[in-house]
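The values are calculated or read from the model by the stated rules, or taken from the named source; none is laboratory data. Given the structure is predicted, the values throughout are model-derived calculations rather than measurements. We place every Cβ from the backbone using ideal geometry, glycine too, and count neighbours over all the protein chains shown.
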Amino acid sequence: MIAELPSSSTLIAIIINGISRGAAYALVALGYTMVYGVLGMINFAHGEVYMIGMFSCVYAIGAVSVLWGDHLFLNLACGLVVAMLFSSAYGYANERIAYRRLRKAHILAPLTSAIGVSTFLQYFIFLNVSKSKVDFPRYYSDWLAGGHVHLGEVDITYLQLAILGVTLVIMAALFYFIHATRLGIALRATAQDQLMASLVGISVNRMIAFTFILGSALAAIAGVMLSMYNNQMVFDTGYRVGLKAFTAAILGGIGNIPGAVLGALILGVTEALTTLIVGSEWSNGTTFAVLMIVLLVRPRGLLGERVVDKV
Amino acid sequence: MIALWPKRKRKRLDPTAARPLDKTVRKLPFFLGLGVVALAAVFLAGCQKKADTIKIGLAGAQTGSDGQIGVSMLNGSKIAIEEWNAKGGVLGKQIETIALDDEAKGDKAVTIAQSLVDDGVVAVIGHFNSSCTIPASRIYNAAKVLEITPGSTNPLYTEQGFPDAFRICGRDDQQGSAAAAFLHDQMHFNKIAILDDKTTYGQGIADEIKKTFESKGGQAVVYQGIGKDDSDYRANIDVVKGSGAEALVWGGMYAQAGPLFVQLRQSGVTIPFISDDGAFDQAFIDTIGANPPNVYLTFAQDYSGLPAAQDFAKKYEARFGQKEGAYSVYGYDAANVILTAMQEAGTTDADKVSAVLKSHPFDTILGKIEFDSKGDLKEADYVIWTIKDGKFVVLPGNP
């Protein structure tokens, strides 16, 4: 509990931190919401795909820096590309192995399968890659995470700006892609009715695989940025962040792309304000209280629509 | 469209579908026979093994975020036990170790404590985290198994009144008052911020520091817990920044201390950062860099200058191929002390060994140590350490 009222600069700093934390959740939440929008299933293994992105980025950076030295931007770019490739490969493999055959099964079957994949991937990394925490190499993150932009009395780091910027750009691009391109129209057709979509010549399997690959690549970007932001990763990071991102997607209305971002931002700011007002030990409590209140008032989330009546 | 129920396939009505089961039933005697043979083999093997060893449990976090420090502690004990075995064991019998991982989780600690008791261990060296040691100690106490922890500093462990519970390190009330004295008397701070990881250990030490610091006339302007799973501390740091605190105290482990410190400095906050024995691991330095400004830790006296400790460091590196951890020596000493006491008592009976342990001082790498009636060390001094050139060093000008 705090004794006096916080100063306005503290309040603004807290809100900015909350927004950037929320933006990071949003990048993961987009993956949940896309898969749900197309398939009507919740891909619980999405958090693990994100975690694999984190790990493959750090290991790729390590490998290339041994190979050709410490080139800041080149190595970071390599790390990011490798992370996106690995995450996409895992995302695609998950769909191909664990979900495709269950597409016509009862709704609980792919859900259970997803939880199984999630646990399997966690322990796969745990047993084969690292049992303890792995640090993100500070040489590559300090220039972003340590540099500041002064905005009145408040400092914003380059990394926070980057996270927020990337999230907004990706959200806008996704929105445009889904609503205004041929591929996006095909994707929406698949989401509405797989049988009809296949009758007009859309390859349903390919569209769904594409959704997984796209969502996984976004998760990899989120993973790289968040591992720079939080300095560390461990095998169950994905599970924890995934749970928050999933909550954000539900809060904003699952299946809805701006909704996922809005939900994530609200979640991030709620957590940050809780830290200021009652203490961070309550942040999970208030987060889920907000979720419950929103769901009681709007059962489909903030921007959820009634039309997508799939399940 | 996702159908609510899968369409039933006609194929299942095929009468031939029942055949595989018939085959299995016909082979049933064969499988049963196989099972009986396997069971008998396991049983015989179990009997043979049981005969002539003394079992000692090694319990602690071996995986997860506290894995590194936990494993280095257990490895210390392993070296001691291997040395005893090479000399012919204890009470004329070889020592068998059973090492189990509690993952730094209290519920898991209780499970493995029960499993160690069921396996018939006579003593347990462990656990590492106070949140594991305390719940597990109730099981060991009920089963009359001696427990000695090399690393749990929460006072509650020995305040439960268990006759066979020992600790070979200091207590958080001692550690907390050392930290508070440093902050108030030496650094002359009046306002500090305290964050902890909400575990038995982290919150325990944070409480002790707060209590002592406030009794000296200071003020804890921020006092908050951070979930052990959290990794973004910027909101907490903003609160600390806005509170005007002159120092930040962290009660918790190195896995969170590292990123917390890094994020603190990245946010442009340069106030001193004080942590405790939980952060005293090489991994903390690996995360924050070799010469971090304004970092202090409370830990026991420096023993690295003693010849015995240097020998041990060499042995440890030769045996495990890496440098010892902060609690390796404590693990080694804990094993040596209880085995010496068993030899002297002439039995493995927990109460008798416990009586020997409390009766006189023991020689260890850390010097002469003596247990009081609760099972704590009679003398345990905490001093302030800092980090220089990638190593923990005692802060100069500090008793």
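Just a few scattered comments:
- Output for segment A:114-139, where each listed residue is over 20 Å from the mean Cα position of the chain (by Cα), more than 13 Å from chain B (Cβ to nearest Cβ) and crowded, with 16+ Cβ neighbours inside 10 Å: none
Yes/no matrix, rows are residues, columns are (1) surrounded by fewer than 24 Cβ atoms within 10 Å (Cβ to Cβ); (2) in a loop (DSSP other than H, G, I, E, B); (3) within 14 Å of chain A (Cβ to nearest Cβ):
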{"position": "B:Pro163", "(1), (2), (3)": "yes, yes, no"}
{"position": "B:Ala180", "(1), (2), (3)": "no, no, no"}
{"position": "B:Asp185", "(1), (2), (3)": "yes, no, no"}
{"position": "B:Ile194", "(1), (2), (3)": "no, no, yes"}
{"position": "B:Lys198", "(1), (2), (3)": "yes, yes, yes"}
{"position": "B:Ile205", "(1), (2), (3)": "no, no, no"}
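- Filtered residues of segment A:40-55 (kept if within 13 Å of chain B (Cβ to nearest Cβ) and assigned to a loop (DSSP other than H, G, I, E, B)): A:Gly40, A:Met41, A:Ile42
- The one condition in (1) farther than 27 Å from A:Phe55 by Cβ; (2) touching a residue at least 12 places away in the same chain (Cβ under 8 Å); (3) away from every other protein chain (no Cβ under 14 Å); (4) assigned to a helix (DSSP H, G or I) that A:Ala260 fails to fulfil: (1)
- Looking only at residues of segment B:258-279 that are crowded, with 23+ Cβ neighbours inside 10 Å and outside any helix (DSSP H, G or I), we find that the one that is farthest from the chain's Cα centre (by Cα) is B:Phe273.
- Any hit, segment A:90-102, residues being at pLDDT below 95, within 13 Å of chain B (Cβ to nearest Cβ) and surrounded by fewer than 23 Cβ atoms within 10 Å (Cβ to Cβ): yes
- Within segment B:280-300, the residues that satisfy the criterion of being more than 13 Å from chain A (Cβ to nearest Cβ) and crowded, with 18+ Cβ neighbours inside 10 Å are B:Phe280, B:Val295, B:Tyr296, B:Leu297, B:Thr298, B:Phe299, B:Ala300.
- Among the residues of segment B:285-301, those that are hydrophobic (A, V, I, L, M, F, W, C) and not in a loop (DSSP other than H, G, I, E, B) comprise B:Ile285, B:Ile288, B:Val295, B:Leu297, B:Phe299, B:Ala300.
- Residue check for B:Val117: surrounded by fewer than 18 Cβ atoms within 10 Å (Cβ to Cβ) and in a helix (DSSP H, G or I): no
- Of all the residues in segment B:52-95, those that are among the hydrophobic types (A, V, I, L, M, F, W, C) and within 13 Å of B:Gly331 (Cβ to Cβ) number 11.
- Flag for B:Lys216 being in contact with a strand residue (DSSP E or B) (Cβ under 6 Å, 6 or more places away or on another chain) and farther than 22 Å from B:Thr63 by Cβ: no
- Residues of segment B:360-395 classified as in a loop (DSSP other than H, G, I, E, B) and of a type outside the set (Asp, Glu), total: 11
- Complete set of residues in segment A:73-130 that are in a loop (DSSP other than H, G, I, E, B) and more than 19 Å from A:Cys57 (Cβ to Cβ): A:Arg103, A:Lys104, A:Ala105, A:His106, A:Ile107
- Failed criterion for B:Ser304 (all others in (1) part of a loop (DSSP other than H, G, I, E, B); (2) under 30 Å from A:Glu153 (Cα atoms) hold): (2)
- Selection of first residues in segment B:225-236 that are touching a residue at least 60 places away in the same chain (Cβ under 8 Å) and of second residues that are of a type in the set (Asp, Glu), restricted to Cβ pairs under 9 Å at least 6 apart or on distinct chains, gives the following pairs, ordered by first then second residue: B:Lys228/B:Asp197.
- Boolean, B:Leu58 is touching a helix residue (DSSP H, G or I) at 6+ places or on another chain (Cβ under 8 Å), modelled with pLDDT of 90 or more and surrounded by fewer than 22 Cβ atoms within 10 Å (Cβ to Cβ): no
- Checking A:Leu11 against (1) touching a residue at least 40 places away in the same chain (Cβ under 8 Å); (2) under 21 Å from the mean Cα position of the chain (by Cα), the condition it does not meet: (2)
- Segment A:170-194, subset among the β-branched types (Val, Ile, Thr) and in contact with a helix residue (DSSP H, G or I) (Cβ under 6 Å, 6 or more places away or on another chain), residue surrounded by the most Cβ atoms within 10 Å (Cβ to Cβ): A:Thr190
- Residues (within 14 Å of chain B (Cβ to nearest Cβ) and assigned to a helix (DSSP H, G or I)) located in segment A:235-257: A:Thr237, A:Gly238, A:Tyr239, A:Arg240, A:Val241, A:Gly242, A:Leu243, A:Lys244, A:Ala245
- In segment A:140-173, of all residues being without any contact (Cβ under 8 Å) to a residue 24 or more places away in the chain and within 11 Å of chain B (Cβ to nearest Cβ), the one that is farthest from B:Ala290 (Cα to Cα) corresponds to A:His150.
- Just one of (1) more than 14 Å from chain A (Cβ to nearest Cβ); (2) at pLDDT below 90 fails for B:Lys314. It is (2).
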